[in-house]
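One structure below.
The values are calculated or read from the model by the stated rules, or taken from the named source; none is laboratory data. Computed from a prediction, not measured in an experiment: that's the story for all the values here. Because the Cβ atoms are built from the backbone with ideal geometry, glycine has one as well, and the counts that use them run over all protein chains shown. Surface areas here come from the heavy atoms of the whole protein model, side chains and all, with no ligands, DNA or RNA. Shrake-Rupley method; radii C 1.70, N 1.55, O 1.52, S 1.80 Å.
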Amino acid sequence: MFYCLGIESTADDFSVGVASSEGEILSNVISAYVPSEGGIHPREAARHHVKVAGEVVAEAISKAGISSREISVVAFSQGPGLGPCLRTGATVARAIAHYLGVPLVGVNHCVAHIEIGRLICGVKDPVTLYVSGGNTIVTAYEGGRYRVFGETLDIAVGNCLDVFARRAGLRQEHGKPFGALIEELASRGGEYIPLPYTVKGMDMSFSGLLTAATNLLKSGKYDLADLCYSLQETAFSMLTEVTERALAHTEKGDVLLTGGVAANKRLQSMLRSMASEHGAEFHVVPKQYALDNGAMIAWTGVLAYKCGLTLPIERSYVRLRWRLDEAPVPWVETGIF
Amino acid sequence: MEHVYPGLSDARLLKRGAEACLYCGVWHGRRVVVKRRFPKPYRIAELDKRIRARRTVKEAQIIHRAKEAGVPTPLLYLVDIANATLVMEYVDGPQVKTLIGGLSGERRAEIFTRIGVLVGRLHISGIIHGDLTTSNMILDSRGRIVFLDFGLSERSNTLEDRGIDIHLVKRVLYSTHHEYAEECFSALMEGYAQVMGAEEARRVLEKVREIEMRGRYVSERRAKQ
C-alpha cells in the first residue's frame, strides 16, 4: 500500500488530494479563486495559487492523517489548461517530489476526471460526457485510449453559460456559481425562444448560441427566465444528442456525467432519459469530485505510477494543449483498473 | 409494423440509427424507403420538432440538388415535414461494397472512375456528402451508380470539407477493401480530377494527406515533432 499526493491547478481552482493505492480518497482540499469581476485572468489565478499552495498542501496531508514521509509519489495536472496556473502547480509538485525524494507523475486533467468518476461511481467502461468551463468532450475508451467522439469546436458549454450570466448582470453570491444561477432562473422560465442549435457531425458549437442569446437579451424584449430556459434547453439538447450518438455507436452500457456543469439537474434528467431509452445506466459524479479537484489527480497518479509512468523533473514541462486522446492510459488495457 | 407510416404496407425495418429509422415497404403500389426521424423524449417538444423538421427539409433539398448536379439519387415521393419523414424510391441493386471483390480489375477501375466523377459533381456544386461509404452507393438495374443517405450532408465549398469527404471514402476503401484499395482510390481520384480539374484534385489530395497527418498515431507526424 502506498499514498499519492495529487496537485490540481489547471484553471481557477488550486486543489490538493491524497489517494491510496487501494482507491481510498483520504483528503481533497479545494481553494477557489473568485475574480472580483469578469472571467479568469490566468496571471491573477496563478497568483492566488501561489498564495494558498502552502496551506492547501499542509491541510491535505494533515486531513489525510498521514505524515509527509509516507507519500510515495507526487502527481500533478500537466495539462491541458492555463499556462501560468499549470506552471504554478507543476512547480509545487516538483519541489515536494524533490524534497521528499519521491517520483513525479504528470497527469492529463481530462483523464483524471474520467478516472475519479469511474472510481467513485463504480463504472467500468462508460461513455463519458465531461462538461465544464474549459472543456466539452464526449469520450469513451477504445483501442488503448480515451477516444474523443465529439467535442466543442469553439467555446466550452460552461463558458457559454458563465458569459451569458455575466452579460445578464447576474452576480456570484455565497459561492453559488453562475451555472446554478442560470439553472434557478431557467426553472422559472417556460417559453421557448428559438436559438441556434449547432451539431456538426459529432461536434458542437456554442459561440453562435452565446451571441444569439446575448442579442436577444440586449433587445430587452424577452424575460430573462425564458432566455435562461431556452439557452439551457438548446445547449443541453446538443450535448445529449452527441452523447447519444456515441452511445449508439459504441453500444456501451453506461453513461457518466462529470465536470462543473454536471451539477445541473436538467442536464442530468435529459441524459438519464436518453440513457434509459438505450438500456444504459446513467451515473453522475458527486460535486466534490466532478469539479476540478486534487483527489482525481492523486488517484490517476496512483494508476500511472502502478504502470511505471514516472516523469523525470527535467522533462516535467506543462502541456497546455495536451489532448485527452493523446494521453496513454495503460492501466485500462492491462486491467489494473 | 403496420403502423410505421400511413399507407405503407409490408413495412420492414432496414436500419435503426441514432437519429432516424429506415424502413422499406410498399406505398401506393410502389416499393419505397421511408426515413423517419422520431421525436427525442429528452428534448422539449418545440425544439425537437424544429430540429427534426429542419433536418428533413435539408436532406430533401440536398437530394434534389445532387440530382441537378448530375448525381443519381433516389426519387423523392413525399417530404412530410410535420412528421419529419421522407418517402423515397427503393433503389434495387447491389451495394458497391458487395461488388468489389467479384469484379475484374478493368471493371473495378471503370466503376471507381465513375464514382470519382459523381463525387466531383457533388463537390463542384457545393455539396459535401458526409458519409461516402461503399454501402451508400448502389449499382442499379439501369447500370447507374446511385448515391444514398444524405442525412449527414452539408453545403460547403471549402477545401477542408472536400478533403474530409475524400478522406472518409479513402479510409473506407483501405479498411474494408484493402487489397483493392490503392487501385480503387486512384481510379476514383482520376474521375474526380476529370470534373474538378487536375489542380483542384491535387489540392484536395494534399488536404487529405494533411488530414491523415492529424491522426494520432502517424509515425511521420511523430518524427516531425
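Kindly evaluate A:Ala246 against the criterion of being surrounded by 18 or more Cβ atoms within 10 Å (Cβ to Cβ), in contact (Cβ under 8 Å) with a residue 12 or more places away in the chain and more than 18 Å from A:Tyr130 (Cα to Cα).
Criteria not met by A:Ala246.
One line per residue, one yes/no per condition, for (1) more than 14 Å from every other protein chain (Cβ to nearest Cβ); (2) farther than 17 Å from A:Glu151 by Cβ; (3) aromatic (Phe, Trp, Tyr); (4) without any contact (Cβ under 8 Å) to a residue 60 or more places away in the chain:
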| site | (1), (2), (3), (4) |
| --- | --- |
| A:Lys221 | yes, yes, no, yes |
| A:Val242 | no, no, no, no |
| A:Leu257 | no, no, no, no |
| A:Ala263 | yes, yes, no, no |
| A:Met270 | no, yes, no, yes |
| A:Gly294 | yes, yes, no, no |
| A:Arg319 | no, yes, no, no |
| A:Ala327 | no, no, no, no |
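Residues that are over 30 Å from B:Lys49 (Cα atoms), in contact (Cβ under 8 Å) with a residue 12 or more places away in the chain and open to solvent by 10 Å² or more (accessible area, probe 1.4 Å): find the helices (runs of 4 or more DSSP H) completely inside the range B:85-190 holding 3 or more of those.
Qualifying helices (runs of 4 or more DSSP H): B:105-124, B:159-176.
Give the residue that is farthest from the other protein chains (Cβ to nearest Cβ), with candidates limited to residues of the range A:181-219 that are closer than 30 Å to A:His249 by Cα and open to solvent by 40 Å² or more (accessible area, probe 1.4 Å).
Only one residue tops the list, namely A:Ser207.
Residue-wise test of (1) within 11 Å of chain A (Cβ to nearest Cβ); (2) under 19 Å from the mean Cα position of the chain (by Cα); (3) among the hydroxyl-bearing types (Ser, Thr, Tyr).
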residue	(1), (2), (3)
B:Gly7	no, no, no
B:His28	no, no, no
B:Arg37	no, yes, no
B:Lys49	yes, no, no
B:Ala53	no, no, no
B:Glu59	no, yes, no
B:Leu75	no, yes, no
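Working only within the range B:9-26, note down all residues that are of a type in the set (D, E, K, R) and either open to solvent by 50 Å² or more (accessible area, probe 1.4 Å) or away from every other protein chain (no Cβ under 12 Å) (or both).
B:Asp10, B:Arg12, B:Lys15, B:Arg16
Considering only the range A:279-321, how many residues are more than 13 Å from the chain's Cα centre (by Cα), assigned by TED's automatic domain parsing to the domain that holds A:Asn264 and crowded, with 17+ Cβ neighbours inside 10 Å?
Here the count works out to 3.
Tell me the residue from A:Gly144, A:Gly117, A:Gly150 that is modelled with pLDDT under 95, open to solvent by less than 10 Å² (accessible area, probe 1.4 Å) and of a type outside the set (D, E, K, R), please.
A:Gly150
Would you point out the residue of the range A:125-161, among those that are within 15 Å of the chain's Cα centre (by Cα) and part of a helix (DSSP H, G or I), that is farthest from A:Ala262 (Cα to Cα)?
A:Asn159
In the range B:1-52, what residues are touching a residue at least 60 places away in the same chain (Cβ under 8 Å) and of a type in the set (Asp, Glu)?
Once the filter is applied, which keeps residues that are touching a residue at least 60 places away in the same chain (Cβ under 8 Å) and of a type in the set (Asp, Glu), the range B:1-52 yields only B:Glu19.
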